[in-house]
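Visitor: Pasting a structure here, questions to come.
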């Protein structure tokens with residue numbers, strides 16, 4: 001692992017989070033803020049997310065030695081898609097969650113119909129952000145690049161990606177060809193992994209990185225995406241409910257298939273550590289511009305929420 | 001109105017419907033047809049729709065004197081978006097419909113969660129079709145044109161379009177600045193009008209029509225979009241339940257705001273006729289290549305389902 005002793009991750013995360021929030025606000029500013037649809041979208045979009053996906057996208061752009069501001073349209077589109085997926089996942093027909101980050105979920109605060117439509121509108125608007133240049137972005141990827149970003153995002157979020165992952169997650173486990181561990185990995189690779197990989201990839205694509213660099217970054221992303229999920233399962237057992245905004249141990253109560261439940265808590269910790277080491281290894285030939293990516297990889301398994 | 005005595009609309013509609021169905025099948029053929037998500041998407045997509053939107057798109061391309069095959073990607077994307085909107089509109093939290101075109105709605109046939117996800121996947125995939133060239137389309141609009149199509153569709157289907165129209169439709173009417181008729185027109189202009197206009201526009205844009213032509217076609221589309229809705233309200237009173245696949249008089253039973261309820265049945269018929277005449281008037285300087293558009297305008301108020 002390369003030395004990044006001078007890199008202050010907390011400062012980096014805070015600064016980038018602020019930037020993303022600022023641009024997300026600009027995107028929805030032109031719309032009448034008293035409309036219920038806009039209020040519902042805003043409620044979920046501004047609920048205090050970590051903005052991990054857009055930050056990964058900016059860090060990837062930076063690791064390619066380019067201006068990360070060029071990745072901002074992709075960053076915002078990605079966070080908008082992520083927010084839509086949370087709203088729909090929380091619905092009564094899905095995970096039926098009342099709280100998200102300590103706040104009422106969209107359908108609890110508004111109504112089920114409004115939450116469905118707010119999710120639909122967010123998903124649709126993500127593609128509008130990418131297809132339609134917004135005047136407040138100082139720099140903007142060219143048409144061909146933006147079309148490529150739409151292709152990446154629509155593939156990662158769709159039938160062979162996030163939506164199928166959620167589908168598998170709500171279906172009960174069918175003992176078959178796959179053992180439970182392989183099945184769990186597949187769910188996560190689709191449900192969260194594809195979008196995390198698309199975040200990293202979109203940052204590199206936004207700044208016109210070459211194919212070899214993109215492939216390396218995608219390998220990095222595949223590993224941290226899975227590590228993120230393993231760490232989530234561990235946090236659900238060991239985390240502080242106050243900090244997480246939800247109760248600890250809920251997975252166990254819901255008899256949910258998790259890494260600790262299948263391979264044990266200690267093995268899960270080792271596995272998450274190994275994934276992060278592999279991820280950092282994938283980008284070993286990048287110079288110090290990749291310091292944020294390396295630090296984020298470590299942060300993913302050492303965070304407290 | 002121009003003479004189109006030699007134009008056989010029924011033959012035209014049948015032929016074009018067949019073409020759209022064929023390409024929609026090709027789009028989803030690569031995916032495992034035994035997956036529940038794919039089955040749910042297919043159930044709604046292949047439920048025997050009129051394919052009015054894609055046919056309008058092709059007819060608009062033709063009216064520009066160009067090869068309508070170039071409009072096929074836009075046609076398919078449009079029908080996929082339309083299908084997603086029907087699935088979500090039918091959900092228990094929305095209109096709570098059990099039947100659609102005589103078949104069980106998606107959430108009745110599968111489950112509510114599956115229907116939400118099938119809608120999400122369809123919406124996402126529409127943008128994948130436009131961003132990612134599919135090998136089976138013989139001709140394909142260039143990158144700039146496809147980006148423009150994504151911009152048109154994401155605007156028409158989103159926060160200032162279809163989703164907002166559905167939002168207004170499920171909210172109860174608030175007596176305020178708008179009278180009931182103006183409010184009803186606004187709902188329809190957003191909920192169905194925007195997507196019908198986008199269909200016509202996308203056909204013209206796909207073949208590279210000039211701005212003046214596009215503006216005329218959009219004016220045509222605005223009128224027939226509203227006429228379509230007025231005709232729907234009339235059919236709900238006078239239509240044959242067998243042919244429509246739903247019971248007549250349901251609007252009245254549900255105390256729904258409709259044109260006949262506000263301005264009366266006779267006035268509604270006159271209004272629909274006037275809208276169609278206006279629509280045909282907008283394209284009066286087009287030659288006989290616009291015969292399909294003229295015939296479709298008349299068909300919209302003379303159909304029986």
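The values are calculated or read from the model by the stated rules, or taken from the named source; none is laboratory data. Bear in mind that the values here come from a model prediction, so they are computed numbers and not experimental data. Positions of Cβ are generated from backbone atoms using ideal geometry, with glycine treated the same way; all protein chains shown enter the neighbour counts.
Visitor: Of everything in region B:29-42, what is in a helix (DSSP H, G or I) and either away from chain A (no Cβ under 12 Å) or farther than 22 Å from residue B:198 by Cβ (or both)? Give them in sequence order.
Guide: B:36, B:37, B:38, B:39, B:40, B:42
Visitor: Enumerate the pairs (first residue in region B:15-35 and touching a residue at least 60 places away in the same chain (Cβ under 8 Å); second residue anywhere and assigned to a loop (DSSP other than H, G, I, E, B) and surrounded by 17 or more Cβ atoms within 10 Å (Cβ to Cβ)) with beta-carbon separation below 6 Å, excluding pairs fewer than 6 apart on the same chain, so at least 6 apart or on different chains.
Guide: If the second residue must be assigned to a loop (DSSP other than H, G, I, E, B) and surrounded by 17 or more Cβ atoms within 10 Å (Cβ to Cβ), no pairs are left.
Visitor: Answer with yes or no whether residue B:82 is surrounded by 22 or more Cβ atoms within 10 Å (Cβ to Cβ) and more than 30 Å from residue B:280 (Cα to Cα).
Guide: Judged against the criteria, residue B:82 is not a match.
Visitor: Tell me, yes or no, whether region A:67-80 has at least one residue that is under 18 Å from the mean Cα position of the chain (by Cα), within 12 Å of chain B (Cβ to nearest Cβ), within 29 Å of residue A:302 (Cβ to Cβ) and modelled with pLDDT of 95 or more.
Guide: yes
Visitor: If residue B:98 satisfies all but one of (1) in contact (Cβ under 8 Å) with a residue 24 or more places away in the chain; (2) touching a strand residue (DSSP E or B) at 6+ places or on another chain (Cβ under 8 Å), what's the number of the condition it fails?
Guide: Here residue B:98 clears every test but (1).
Visitor: Quick test of your reading of the structure: residue B:187 fulfils all but one of (1) under 24 Å from residue A:30 (Cβ atoms); (2) facing chain A (nearest Cβ under 9 Å). Name the failing condition by number.
Guide: All conditions are met except number (2).
Visitor: Next question. Just to verify a result, which residue in region A:175-207, among those that are loosely packed, with under 14 Cβ neighbours inside 10 Å and outside any helix (DSSP H, G or I), is modelled with the highest pLDDT?
Guide: Among residues in region A:175-207 that are loosely packed, with under 14 Cβ neighbours inside 10 Å and outside any helix (DSSP H, G or I), the one modelled with the highest pLDDT is A:179.
Visitor: Turning to a different aspect of this structure: For a quick check of your reading: which helices (runs of 4 or more DSSP H) sit entirely within region A:89-174 and have at least 1 residues that are within 7 Å of chain B (Cβ to nearest Cβ) and farther than 21 Å from residue A:28 by Cα?
Guide: Result: A:112-131, A:143-157, A:162-170.
Visitor: Residues in region B:139-157: is at least one at pLDDT below 95, out of contact with any helix residue (DSSP H, G or I) (no Cβ under 6 Å at 6 or more places or on another chain) and surrounded by fewer than 24 Cβ atoms within 10 Å (Cβ to Cβ)?
Guide: yes
Visitor: Hey, another quick one. Does region A:212-228 contain at least one residue that is buried (at least 23 other Cβ atoms within 10 Å of the Cβ), part of a helix (DSSP H, G or I), more than 15 Å from the chain's Cα centre (by Cα) and more than 12 Å from chain B (Cβ to nearest Cβ)?
Guide: Yes, the conditions are met somewhere in region A:212-228.
Visitor: Still on this structure, please answer the following. Among the residues of region B:43-79, which ones are in contact with a strand residue (DSSP E or B) (Cβ under 9 Å, 6 or more places away or on another chain) and assigned to a helix (DSSP H, G or I)?
Guide: Of everything in region B:43-79, those that are in contact with a strand residue (DSSP E or B) (Cβ under 9 Å, 6 or more places away or on another chain) and assigned to a helix (DSSP H, G or I) turn out to be B:43, B:44.
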